[in-house]
1. Leaving out ligands, DNA and RNA, what percent of the accessible area of region 1-131 is carbon and sulfur, probe 1.4 Å?
2. For region 40-114 and region 261-314, write down the distance between their C-alpha centroids in whole Å.
3. Given springs between every Cα pair under 10 Å in a Gaussian network model of the chain, which of GLY362, GLY60, GLY106 has the largest fluctuation?
4. For region 285-361, what is one quarter of the convex hull surface built on the Cα atoms, given in nm²?
5. Excluding ligands, DNA and RNA, what is the solvent-accessible area per residue of the chain at a probe of 1.4 Å, expressed in Å²?
6. Run the dipole for the chain about the Cα centre, Lys and Arg Cβ at +1, Asp and Glu Cβ at -1, nothing else charged, and hand back the magnitude in debye, nearest 20.
7. Counting helices only, and only those DSSP H runs with n ≥ 4, report the 222 nm mean residue ellipticity of the chain as the sum of -39,500 (n - 2.57) divided by its residues, in deg cm²/dmol to the nearest 500.
8. At 1.4 Å probe size, what's the solvent-accessible area of ARG400? Round to the nearest 10 Å².
Amino acid sequence: MGFLRVLLQRHLAILWTSQVLSAMGDYFYAIAVLWIAVRVAGSAAGFVAAAETGASFVFGLLGGVYADRWNRRHMMIVADLLRGAAVLTLPFLARTGTLPLWYLVGVAIVLGGLGSFFDPALQASLPALAGDARTLQATNGLMDMTRRLARAIGPSLAGLLVAFLPLEQFFTLDAVSFGVSALAIFILGARYAWKPERAATPAQTGVRGIVREIGSALRLVRSRAELTWALIGQCLINLLWALAFTLGAPILAAHNLGHSVGAYGLIVGAYGVGNVASNVVVSNLRVRRPLVWLFGGKVVLGMGFLLLAAAPSLPVALLGSALAATGGPMGDIPLLTMIQLDLPPTQLGKIFSLLETLVHGGMLVGTLLAVPLFARFDARLVIGGCALLMTAMGVAGLARFGASKPPGTLDAEAPTSVEALH
């Protein structure tokens, strides 16, 4: 089993455990900060969530440039320590009763900006840490599972903890989780290829050098049609997902399925269970045609949301939510592994930051479009329309690339060595 192979390797088990704890800490932070922001500023609390997403979008490409220039281990440790320090100020201010909205927005910007440096550095480091293609796929699956586990078990765990801890101490838990992540990465040591070998020509410094490096990554994407389709598809899928699930699911539950927050919680829980189950299966399969899985996942996602939109009852809606959730890992894990194996190590940080930027941009646009669309149209119609577009994107991708296989992907029996990757 691929997961077992990963977890039997001490360094990968340490890294994954730390990232699970960090993801749970992020979930506790999100609950606490939005609840406190609502109490402080009412509907203006949306600025806090928008600030973090906006910072991730603005700093995304810059983080990728430096993930390919700097030592990625040092970069992740510093980002974690700074994020932990920023969050740790919140419980102290909350206890004094002086926690204004502008400060919550400022911390959200810090977290979003630093996350844009940490995330591509982590993803670009995984090939060196995994060592071979099969272990890399399973490692990608485990890392991808961290946020899905947080989504699946976070609500219940937060409900239990709030009975014992003041809400502001959720910030303390998040700060501690950043410290655990930094310590785990420090423990891994310097023996892995944390910094990619630079080209013979040194990189230009300043703004011109940054723009030049981003341009080189964009040209690399454009030279590979399947990668261009995949990245643009991720942007559009996340736009539609934000419409159909982030805002569509609670509106559907409130107006059509039980008229209660409990129904919405069950829909979210079913999505989390489907995510985790799909992740476990996909991570342990030999993916010979990653593009079939990538675009096929979009078809499954769309079919699940179509069932959710047409659901006559809550049980059918839960089935639709769980089915849609299985499509996420089907596409995400092969895409991550394909990028890591097929592209130069000196470009990985920038490509992953481009992916994250497109994802955040799509979700931001989807959130903004949701307000006028749900004000004018029935929730079932909006979710159904999103589902049909998701399915059409997947079918188009399968028709274009279904029979092709990018070089360097996962059906090779021989392991891909760290030396070959770096």
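The values are calculated or read from the model by the stated rules, or taken from the named source; none is laboratory data. These numbers come from a predicted model, not from an experiment. Note: ideal-geometry Cβ built from the backbone for every residue, glycine included; neighbour counts use all protein chains shown. With ligands, DNA and RNA removed, areas are computed over all heavy atoms of the protein, side chains included. Shrake-Rupley method; radii C 1.70, N 1.55, O 1.52, S 1.80 Å.
1. Numbers: 3940 of 5420 Å².
Exposed carbon and sulfur together represent 73 percent of the surface.
2. 30
3. Taking springs between Cα atoms under 10 Å, the residue moving most is GLY106.
4. Details: hull surface 24.5 nm².
Orientation-averaged projected area of the Cα hull: 6.1 nm².
5. Details: 17750 Å² over 422 residues.
Here the per-residue accessible area is 42 Å².
6. Details: 29 positive and 19 negative charges, 102 e Å.
That gives the chain a dipole magnitude of about 480 debye.
7. Details: 16 runs with 334 residues, N = 422.
Helices in the chain give a 222 nm mean residue ellipticity of -27500 deg cm²/dmol.
8. For ARG400, the solvent-accessible surface is approximately 130 Å².
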